[in-house]
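Heads up: the structure comes next, in structure tokens.
The values are calculated or read from the model by the stated rules, or taken from the named source; none is laboratory data. This structure is a prediction, so every number in the text was calculated from the model and none was measured. Ideal geometry is used to build each Cβ from the backbone, glycine not excepted, and the neighbour counts take in all protein chains shown. Note: accessible area is taken over every heavy atom of the protein model, side chains too, but ligands, DNA and RNA are not part of it. Shrake-Rupley method; radii C 1.70, N 1.55, O 1.52, S 1.80 Å.
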Amino acid sequence: MFDPKGFVELKAKPLPVFLLLDVSGSMSWKRKIDNLNEAVKKMIGAMSNEEKMEVEIQISVITFSSSAQLHLSATSASQVEWTDMNADGSTSMGAAIKMAKDMIEDKEITPSRAYIPTIVLVSDGHPTDSWEQPLEDFVKNGRSKKCDRMAMAIGSDADEN
């Protein structure tokens with residue numbers, strides 16, 4: 001006889017996406033912050049449209065200026081209510097990279113059953129803190145070394161190095 005209690009409801013497998021977004025003072029020049037806000041809104045909309053029963057895209061946003069801040073904790077793309085960012089301060093890119101690594105290493109935030117996390121760094125490329133060691137640690141150690149990573153330069157004056 002069929003017993004529905006013997007079945008478990010499938011839960012969508014999370015796909016963690018971490019956006020590391022530069023909101024330093026230099027991003028206020030030439031409308032870079034406006035362009036960044038618009039691009040993030042469109043990207044979240046596109047991700048929301050791609051969510052299926054078997055995949056839930058979990059977006060976390062880390063902003064960095066004079067310090068790194070968690071702008072948005074892991075939220076399903078379809079549930080994100082975007083709040084525009086403002087530009088001010090210096091560029092603590094290393095602190096943002098370290099915060100992302102800590103979140104990826106934490107199995108409460110990034111469960112083992114999740115798909116491989118995707119990291120998207122968007123900046124005009126003028127960090128004011130020490131970023132080399134945090135980046136090396138991110139790429140070479142722990143769970144973060146397996147992440148899909150991409151970086152995007154924003155603005156015609158961006159330092160792509």
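Measuring from label point to label point, each 7 Å out along Cα→Cβ, what is the Gln69 to Ser90 span in nm?
Rounded to a tenth, the inter-label distance reads 1.7 nm.
State the antiparallel share, in %, of DSSP beta bridges confined to the chain, rounding to the nearest 5. Intermediate results must be reported in sequence, preceding the final value.
Numbers: 7 of 28 bridges.
Percent antiparallel among DSSP bridges in the chain is about 25.
Roughly how many Å² of Trp29 are accessible to a 1.4 Å probe, to the nearest 10?
150
Any idea what the dipole of the chain comes to, in debye rounded to 20, about its Cα centre with Lys/Arg Cβ at +1 and Asp/Glu Cβ at -1? List each step's numbers first, then the result.
Numbers: 18 positive and 25 negative charges, 94 e Å.
Using Cβ point charges on Lys, Arg, Asp and Glu, the chain gives about 460 debye.
With the dipole of the stretch 65-135 worked out from charges on the C-beta (+1 for Lys and Arg, -1 for Asp and Glu) around the Cα centre, which of Leu135, Leu72, Thr118 lies farthest toward the positive end?
Highest projection toward the positive end goes to Thr118.
Enter the accessible area per residue of the chain (Å², integer; probe 1.4 Å; all protein chains in place). Numbers along the way, then the final one.
Numbers: 9530 Å² over 161 residues.
Result: 59 Å² per residue.
Students often get this wrong, so try it: which of (1) 132; (2) 114; (3) 154 is volume of the Cα convex hull per residue in Å³ as calculated from the structure shown?
Matching the structure shown: (2).
If the chain between Val139 and Lys30 were fully stretched, how many nm would it gain, using 0.36 nm times the residue separation less the Cα-Cα distance?
Working: separation 109, 0.36 × 109 = 39.24 nm, distance 3.20 nm.
Residue separation times 0.36 nm, minus the Cα-Cα distance, leaves 36.0 nm.
For Met43, project a label point 7 Å along Cα to C-beta. Then give me every residue of the stretch 62-95 with its amide nitrogen under 12 Å of that point.
62-63
What number, rounded to the nearest 500 deg cm²/dmol, is the helix-based mean residue ellipticity at 222 nm of the chain, given -39500 (n - 2.57) per DSSP H run of at least four residues and division by all its residues? Don't skip to the answer; put the middle values down first.
Working: 3 runs with 41 residues, N = 161.
That comes out to -8000 deg cm²/dmol.
What is the distance in Å between the Cα centres of the stretch 28-46 and the stretch 120-161?
19
Compute the length gained on full extension between Ala151 and Met53: take 0.36 nm times their separation in residues and subtract their Cα-Cα distance, giving the result in nm to one decimal.
32.4 nm
Label point 7 Å out from Trp82 along Cα-to-Cβ: which residues of the stretch 55-71 have amide N under 11 Å?
none
What is the spin-label model distance, in nm, from Lys11 to Ile116 if the labels are put 7 Å beyond Cα along the C-beta direction?
For the pair Lys11/Ile116, the computed spacing is 2.4 nm.
Taking all protein chains in place and a 1.4 Å probe, what share, in percent, of the accessible surface of the chain do carbon and sulfur account for?
Using a 1.4 Å probe with all protein chains present, the chain comes out at 52 percent carbon and sulfur.
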